[in-house]
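S.K.: Here's a structure for you.
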Amino acid sequence: MNIPADLKYTEDHEWVRVENGNIAVVGITDFAQKELDELVYVEVETEGETLSQGEEFGTVEAVKTTSELFMPVSGKVIAVNAKLTSDGDDDPTLVNRDPYGDGWIIKVEMTDPDELSGLLDAEAYEKLVD
C-alpha cells in the first residue's frame, strides 16, 4: 500500500498536500480507492464554497457503494479536478490509477492552516489502516 510520507491524512481516508503556502490539494488515499474498488463517478458541487473542517464536500461512487468526502481542513474550494467529472474528461478511474497524483479531487484555499497539525502523518495513518 502506498502512503507517501510528505502528505497529511484524515481518519476518513482523505489526504492533503500543501502547495504555494495556503493551497491544499485533497484526494482519497490508496487504501480508500482499493476498498471502494473501481470508481464510476466523482461528484463535487461545492466549488466556490467555504466549508469547515469535517464538512462534506462531495462523494465518490463505486460499483458497490457511495462514500462521502470530508474536508480535511477548513477553506474555500477553489478547484475541482475536471479530469474526474462529467464536466471534463469524465474519468473517475484516474483516482484508482493515480490517487496521489492526477487523481486529486479538489484544491482548497485554507482559512486555518494550523488545522494541518491535527491530521495524521504517514506513520499514524499506516497504523490506522493496518
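The values are calculated or read from the model by the stated rules, or taken from the named source; none is laboratory data. Bear in mind that the values here come from a model prediction, so they are computed numbers and not experimental data. Backbone-built Cβ (ideal geometry, glycine too); neighbour counts: all protein chains shown.
S.K.: Does residue 77 count as surrounded by 14 or more Cβ atoms within 10 Å (Cβ to Cβ) and either touching a Pro at 6+ places or on another chain (Cβ under 9 Å) or over 16 Å from residue 61 (Cα atoms) (or both)?
M.R.: yes
S.K.: Now a separate question. For the range 48-64, how many residues are surrounded by 15 or more Cβ atoms within 10 Å (Cβ to Cβ) and charged (D, E, K, R)?
M.R.: Of the residues in that region, 1 qualify.
S.K.: Let me confirm something: among 108, 95, which residue is within 18 Å of residue 2 (Cα to Cα) and of a type in the set (A, V, I, L, M)?
M.R.: Among 108, 95, only 95 is within 18 Å of residue 2 (Cα to Cα) and of a type in the set (A, V, I, L, M).
S.K.: Still on this structure, please answer the following. Please enumerate the residues belonging to the range 45-82 that are assigned to a loop (DSSP other than H, G, I, E, B), modelled with pLDDT of 95 or more and of a type outside the set (Asp, Glu).
M.R.: If the condition is that a residue be assigned to a loop (DSSP other than H, G, I, E, B), modelled with pLDDT of 95 or more and of a type outside the set (Asp, Glu), then 46, 48, 52, 53, 54, 71, 72, 73, 74, 81 are the ones that fit.
S.K.: Still on this model: Restricting to the range 94-120, what's the tally of residues that are over 13 Å from the mean Cα position of the chain (by Cα), part of a loop (DSSP other than H, G, I, E, B) and loosely packed, with under 14 Cβ neighbours inside 10 Å?
M.R.: 1
S.K.: Any chance the range 30-39 includes a residue that's acidic (Asp, Glu), surrounded by 15 or more Cβ atoms within 10 Å (Cβ to Cβ), in contact with a Lys or Arg (Cβ under 6 Å, 6 or more places away or on another chain) and modelled with pLDDT of 95 or more?
M.R.: Looking through the range 30-39, none of the residues is acidic (Asp, Glu), surrounded by 15 or more Cβ atoms within 10 Å (Cβ to Cβ), in contact with a Lys or Arg (Cβ under 6 Å, 6 or more places away or on another chain) and modelled with pLDDT of 95 or more.
S.K.: Being modelled with pLDDT under 95 and at positive phi: is that true of residue 21 here?
M.R.: So residue 21 passes the test.
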